[in-house]
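Notes follow once the structure below has been shown.
The values are calculated or read from the model by the stated rules, or taken from the named source; none is laboratory data. Bear in mind the structure is a predicted one, so any value in this text is a computation, not a measurement. We place every Cβ from the backbone using ideal geometry, glycine too, and count neighbours over all the protein chains shown.
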Ligand code: FAD
Ligand code: SIN
């Protein structure tokens, strides 16, 4: 008999958004945090650059707001942006109170900069900011006896009736059963969908599960056409998804062509510190026009000991791969990095379904607009996790235990054709990379749409007749999320920020969000 769990709050995801939500919820609330992999695995752990906040007396909120609005090409929601920016210094304190020790110089934060920021406002823990945040949040969570952690539990679907969420069906990877979690409030904190693309900086967890689950449940999903490509992932056959932080460019690193020539001056006056969409497109263009496999990032003019202490993770990983960052330029290429769109939420992280919240990269709070400014994502996780928790802490709970029916697997059988899953998974990621990438066209988008629609049909049929596995759950989500990305891209008849369509090279004067709901 499959297990039935009952909690006041179910949090799906244990990244910075999920763990911070758990920490901020009242100690009298029973909480389950589920993660489909190990608890620390997820994008948050790998964040290098830092978290943005106005901490320098020379800086101010209006400037952080203006930079965020401009980097997002005016598509961002100014109310949400102001809220996030004004809460940022407190977010830093909240992290410090869990034990995070940001790097300091002479008793002040060692603030750095990245693309789009007009002041130094990126606080960091050397180049392992995410790791420090995750380890400290997890330690805090473990101190609380009202929080139970469920590792290797994959949410399959939300339980939603009459626009109310009552919990989720969850696949237990060890027992291979689908169990039920019934909850008064459910928080989606499942991260982004960058695994829809062949090349990504993200870990394997970023398969858009929360976005697909919310879509199937009837939530509004916004602005999914805005996939951010990080300009500099290490180009090396053995370096799966290894990011070279933008903070290297913040500290002066130069982008070079294979012959050693600089090229960013051809694209933007801000050179290497132009916003990410511009730098990624510039690199993509140089690679396509000249047939290069990669470009190079040179930092070798910096002092060796300083590099080692400021960027220990990058120095070490490069060393393992036979590259001495203090002596040679690093081969780099753009890769899918961040999902700007997601489940539509308000400032309290409420979705369009009652008792369902979304926090972190899965959410569309409106702060990123058409392009996320560097280091605003961890900030969004921490700020909106707190506002979500505050909202839940002040809400009434009703008993939802009786509302979830048992998972029905009476009409499915184990699959004998797992090759289909592996094939379709690869096909989606290839289509998305080649047809829905950094530079788009109507022709390629239309072609992608037909292909992804056909794949969705095949996956739905497969899902109908075979027993669920983690791979099948993820494939179904990846297929649906990719379809939403393509539909959103087709519906935007302009180029704005991260969405660049050669057939509509200009911005429209009317500024509007893309909203998708299941028909
Ligand atoms: P994640 O940290 O990705 O966590 C998602 C969680 O959801 C995981 O626990 C996963 O197991 C779980 N999950 C997913 N699906 C399911 C399911 N179906 N069932 C159960 N659990 C599920 N941003 C910055 O602001 N500054 C940076 O310096 C920075 N550097 C980055 C470097 C890298 C390499 C990457 C990949 C991203 C970086 N970002 C950075 C972006 C930022 O790290 C992420 O946007 C942010 O950490 C997302 O946090 P999250 O909690 O929403 O999701
Ligand atoms: C980086 O360190 O380059 C990543 C920063 C971010 O994604 O915000």
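Within the option set 45, 5, being surrounded by fewer than 24 Cβ atoms within 10 Å (Cβ to Cβ), closer than 21 Å to residue 184 by Cβ and either more than 21 Å from the chain's Cα centre (by Cα) or within 16 Å of ligand 1 (Cβ to nearest atom) (or both) holds for one residue only, 5. Could you tell me whether any residue of the stretch 318-334 is within 16 Å of ligand 2 (Cβ to nearest atom) and part of a loop (DSSP other than H, G, I, E, B)? Within the stretch 318-334, one or more residues are within 16 Å of ligand 2 (Cβ to nearest atom) and part of a loop (DSSP other than H, G, I, E, B). Comparison of 437, 342, 366 shows that the only residue that is within 16 Å of ligand 2 (Cβ to nearest atom), in contact (Cβ under 8 Å) with a residue 24 or more places away in the chain and closer than 30 Å to residue 456 by Cα is 342.
Residue 106 passes every criterion in (1) more than 19 Å from the chain's Cα centre (by Cα); (2) modelled with pLDDT of 95 or more apart from (2). Just one of the listed residues (176, 266, 288) is surrounded by fewer than 24 Cβ atoms within 10 Å (Cβ to Cβ) and over 30 Å from residue 483 (Cα atoms), and it is 266. Out of the residues in the stretch 48-73 that are within 16 Å of ligand 1 (Cβ to nearest atom) and in a loop (DSSP other than H, G, I, E, B), state the one that is nearest to residue 242 (Cα to Cα). Result: 48.
Scanning the stretch 155-162 finds no residues that are outside any strand (DSSP E or B), crowded, with 20+ Cβ neighbours inside 10 Å and touching a strand residue (DSSP E or B) at 6+ places or on another chain (Cβ under 9 Å).
Of everything in the stretch 246-263 that's surrounded by 20 or more Cβ atoms within 10 Å (Cβ to Cβ) and more than 14 Å from residue 332 (Cα to Cα), which residue is farthest from the chain's Cα centre (by Cα)? Out of the qualifying residues, it is 250. Among helices (runs of 4 or more DSSP H) entirely within the stretch 408-496, having at least 1 residues that are out of contact with any helix residue (DSSP H, G or I) (no Cβ under 7 Å at 6 or more places or on another chain) and buried (at least 21 other Cβ atoms within 10 Å of the Cβ) singles out 470-491. Summed over the stretch 302-326, the residues that are in contact with a helix residue (DSSP H, G or I) (Cβ under 8 Å, 6 or more places away or on another chain) and without any contact (Cβ under 8 Å) to a residue 40 or more places away in the chain give a count of 6. Counting only strands (runs of 3 or more DSSP E) that sit wholly inside the stretch 165-277, those with at least 3 residues that are within 14 Å of ligand 1 (Cβ to nearest atom) are 177-188, 227-234.
Checked against the criterion of being under 25 Å from the mean Cα position of the chain (by Cα) and either on the phi < 0 side of the Ramachandran plot or modelled with pLDDT under 95 (or both), the stretch 391-404 has at least one qualifying residue.
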